[in-house]
Amino acid sequence: MYSLSRQDAMTVGQVVPKGELVRGLGLSSSTAIVVGTMIGTGIFLKPSEVAREAGSVEWALVAWVVGGALTLLGALSYLELGTAMPEAGADYAYLSRGIGPAWGFLYGWKGSVVSGPASIAAGASGCILFLGYLWPAVVAPVARLGPWDMTWGQLLAAAIILTLALVNLFPVRTVGRVQVVLTSFKVISLVAVIGLGLLLSQRGGALHQPVAPTGDAGSYRGFIAAVAACLWTYSGWHTLLRLGSEIKDPGRTMPQAVVAGLVGTAALFLLVNVACFSVLSLADVQGSSHAVSDMLERVTGRSVAGVLTVVMIVSALGSLTASFLASGRIPYAMARDGYLPKSVGWVNPRSGAPSGAVAWKAALAACLVMTGTFEDLSALFVFSQWLFYALGIIALFRLRRLEPDLPRPVRAWGYPVAPGIFVVLSVILTVSILVDRPVRSLLGLALIAAGLPVYYYTVRRRRL
């Protein structure tokens, strides 16, 4: 097991060693980060997209199960890497060591300029969609910038991003405690949503009557697109790995938090969809941008649905806080190794927060939120993230051969078959998203590839 560094003995308010992060996250905070990141915008916004892509109630529910199973499969494989190398930046360290520095750099570059900002921007856009249920005028255009319409909601989303960036400048222990409170609130709220939907349904929903499938029900492409939509909601499991440098006893804490958080959250997500289909018809779910709110309005009236919509906004804000907490560690690690400006790697000596990296992520996410919709931004995140998940498992295989004596507190379940299946499924999913959303996917690839000249310039400059 890992011994805790001198950072662990420090209390909040003491000056931390220059440039170092603090191991201040225990099991409760770590589990709250996993659950809190997943219970955000996705579970309230994605049921409609999943239902449209799947084309039937049955395939929609299967897509949620398959998405959860695929995510768990990847998590059980990734825990070997996370516990063997509990470092800030997660895959940035795994790929650098297992495949090569250039691949690690590309992951770090992707997390710093593509998927990290896209995740935060999509979360902020989701908050605005919730707000649109209570205040429809928020999505009204106020200006046109070339091909894009700027709305009040986009401006407000940018303001949300900048505000949450300020929250993440507090010590990691403080942010972790806040996350425990927010996550508890979100879980209780989600259980209430499920209970209201199941107990007050009057057999008018899709689950209570035969429904003729529509669209591409059961088709390969439709089902893969539905699974891809589900994966946005499950993406929080990986968040904790990026905080490896700040977790107490990572060899024990990390596996417990990831597995418990992922399994429990996946069960809640499935039950939310069952509740929606217990009250609404398939067409109602497919045509709604606020399926959960519509379900609550049907069984309780608009006033209660409005209250729980406010709860959803708070839920999304909690998820964004956790995303900020983790995603800022990637540019921090990049700057620490000289690949990004030194200012990005600056750690506040009083709070131990990577303030430079937080500011970097906030600036990029605030710009990105002005360019696309929630579905486009979330698709960009899933595409770029799962492309590198496959590479991460390849690094797992190579490290087994290159460093057989590396201490591994946790070993990948079902090795080598289960990790191999995960790689194949990740590739299939990535290609399917590329075909389904080529513009956003190609934009993501272009932004990732743009990192290569930066990498080789940096390497060359070091040699001079």
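Please find, among Ser96, Ser77, Ser119, Ser125, the residue that is more than 30 Å from Phe269 (Cα to Cα) and not in a loop (DSSP other than H, G, I, E, B). Of Ser96, Ser77, Ser119, Ser125, the one residue that is more than 30 Å from Phe269 (Cα to Cα) and not in a loop (DSSP other than H, G, I, E, B) is Ser96.
Of the residues screened, Tyr107 is not one that is at pLDDT below 80, of a type in the set (Ser, Thr, Tyr), in a helix (DSSP H, G or I) and out of contact with any strand residue (DSSP E or B) (no Cβ under 8 Å at 6 or more places or on another chain). Out of the residues in the range 390-413 meeting the condition of being in a helix (DSSP H, G or I) and either among the small types (Gly, Ala, Ser) or at pLDDT below 90 (or both), tell me which one is farthest from Ala90 (Cα to Cα). It comes out as Ala390. What are the pairs, 6+ residues apart or on separate chains, where a residue within the range 259-270 that is in contact (Cβ under 8 Å) with a residue 12 or more places away in the chain and farther than 13 Å from Cys230 by Cα has its Cβ under 6 Å from a residue that is aromatic (Phe, Trp, Tyr) and part of a helix (DSSP H, G or I)? Short answer, once both residue conditions are applied: Leu262/Trp237. In the set Leu308, Leu364, only one residue is at pLDDT 80 or above and either in contact with a His (Cβ under 6 Å, 6 or more places away or on another chain) or among the aliphatic types (A, V, I, L, M) (or both); that residue is Leu364. If you filter the range 416-436 down to residues that are at pLDDT 85 or above and among the small types (Gly, Ala, Ser), you find that the one that is farthest from Leu387 (Cα to Cα) is Ala418.
One line per residue, one yes/no per condition, for (1) surrounded by 24 or more Cβ atoms within 10 Å (Cβ to Cβ); (2) in a helix (DSSP H, G or I); (3) not polar (S, T, N, Q):
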{"position": "Ala226", "(1), (2), (3)": "yes, yes, yes"}
{"position": "Thr233", "(1), (2), (3)": "yes, yes, no"}
{"position": "Thr239", "(1), (2), (3)": "yes, yes, no"}
{"position": "Thr253", "(1), (2), (3)": "no, yes, no"}
{"position": "Ala260", "(1), (2), (3)": "no, yes, yes"}
{"position": "Val263", "(1), (2), (3)": "no, yes, yes"}
{"position": "Asn273", "(1), (2), (3)": "yes, yes, no"}
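Residue selection: Ser289 fails the criterion of being surrounded by 21 or more Cβ atoms within 10 Å (Cβ to Cβ) and touching a residue at least 40 places away in the same chain (Cβ under 8 Å).
The values are calculated or read from the model by the stated rules, or taken from the named source; none is laboratory data. What you see is a predicted model, and the numbers here were worked out from it, not measured in a lab. Methodologically, a virtual Cβ is constructed for each residue, glycine included, from the backbone with ideal geometry; neighbour enumeration extends over all protein chains shown.
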